[in-house]
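What follows is a set of notes on a single structure, which appears directly below.
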Amino acid sequence: EFGLVSDQVNAIRGLFSGRHLQVFTSGAEWMVSGDPLTPANIQLNRQTRVGSPVDRLVPPVDVDGSTVFFARGGRSIHEFAYTDLSDVYQANDLATLARHLINAPISMAYDQASRLLHIAMADGTLSTLTIYRAEQVTAWTRQETDGAFRALAEAEGTVWAVVERAGVFMLERFETGL
């Protein structure tokens with residue numbers, strides 16, 4: 001057990017184990033380090049001040065070594081990436097040109113084979129981000145279906161969606177080439 005000493009009180013909204021233990025709070029993103037990580041030598045460093053939503057829990061997702069999370073305002077998605085040169089994490093906004101596609105995200109899943117990050121919104125719409133980090137390529141699109149997307153998950157390389165159609169919930173998967 002340890003405390004995050006900050007100038008404000010923030011709820012912890014997510015944890016992610018990557019290069020370092022990453023803590024996502026309602027007001028900032030933190031890096032937890034120590035070698036080895038023990039209560040006696042734990043180090044906490046605030047990295048960015050974006051913050052995560054407090055009204056819903058959308059766990060962060062690993063995308064090619066960076067951690068993708070939603071900002072507390074619900075209109076942007078950020079890539080929490082470590083930079084060796086500066087020895088810090090940065091939170092680059094991936095939705096700068098796609099604000100119209102991001103509105104109150106409730107679920108996301110990453111298809112590593114297709115390099116697609118699917119994001120379900122509270123209104124049932126689905127936005128998809130094609131992302132190639134090494135080439136610095138990001139491309140957004142909206143996916144449409146006869147129904148509403150309610151949840152997403154990835155299992156063994158397959159992305160699954162819970163879709164509500166005419167009051168019935170269906171478990172469906174994405175297929176390429178159709």
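The values are calculated or read from the model by the stated rules, or taken from the named source; none is laboratory data. Source: prediction; values computed, not measured. Neighbour counts are summed over all protein chains in view; Cβ atoms, including those assigned to glycine, are modelled from backbone coordinates with ideal geometry. The area values use the complete protein model at the heavy-atom level, side chains included, leaving out ligands, DNA and RNA. Shrake-Rupley method; radii C 1.70, N 1.55, O 1.52, S 1.80 Å.
Cα centroid distance between the range 16-88 and the range 104-178, in Å?
For the range 16-88 versus the range 104-178, the Cα centre distance is 23 Å.
Top mean-square fluctuation among Ser26, Ser114, Ser76, Gaussian network model of the chain, C-alpha springs under 10 Å?
Maximum fluctuation in the GNM of the chain, among the listed residues, is at Ser114.
Can you pull the semi-axes for the chain, root of five times each eigenvalue of the Cα gyration tensor, sorted largest first, whole Å? Show your work: numbers first, answer last.
Details: eigenvalues 185, 62, 46 Å².
Working from the Cα gyration tensor, I get semi-axes of 30, 18, 15 Å.
When only DSSP loop residues count, what trypsin sites (Lys or Arg not before Pro) in the range 70-167 have their Cβ near at most 10 other Cβ atoms within 10 Å? Please list the in-between numbers first.
Numbers: sites: Arg72, Arg75, Arg99, Arg115, Arg133, Arg142, Arg150, Arg165; in loops: Arg72, Arg75, Arg115, Arg133.
Loop-located and lightly packed - none at all.
Got the relative contact order for the chain handy, in percent, Cα pairs under 8 Å and 6 or more residues apart?
On the way: 383 pairs, mean separation 19.5, N = 178.
Contact order relative to length: 11 percent.
Would you mind working out the accessible area per residue for the range 51-178, using a 1.4 Å probe, and quoting it in Å²? Let's see the in-between values first.
Numbers: 6820 Å² over 128 residues.
Counting only protein heavy atoms, the per-residue value for the range 51-178 is 53 Å².
With each pseudo-label sitting 7 Å past Cα toward Cβ, what's the Thr130-Thr38 distance in nm, one decimal?
Roughly 5.0 nm, to one decimal.
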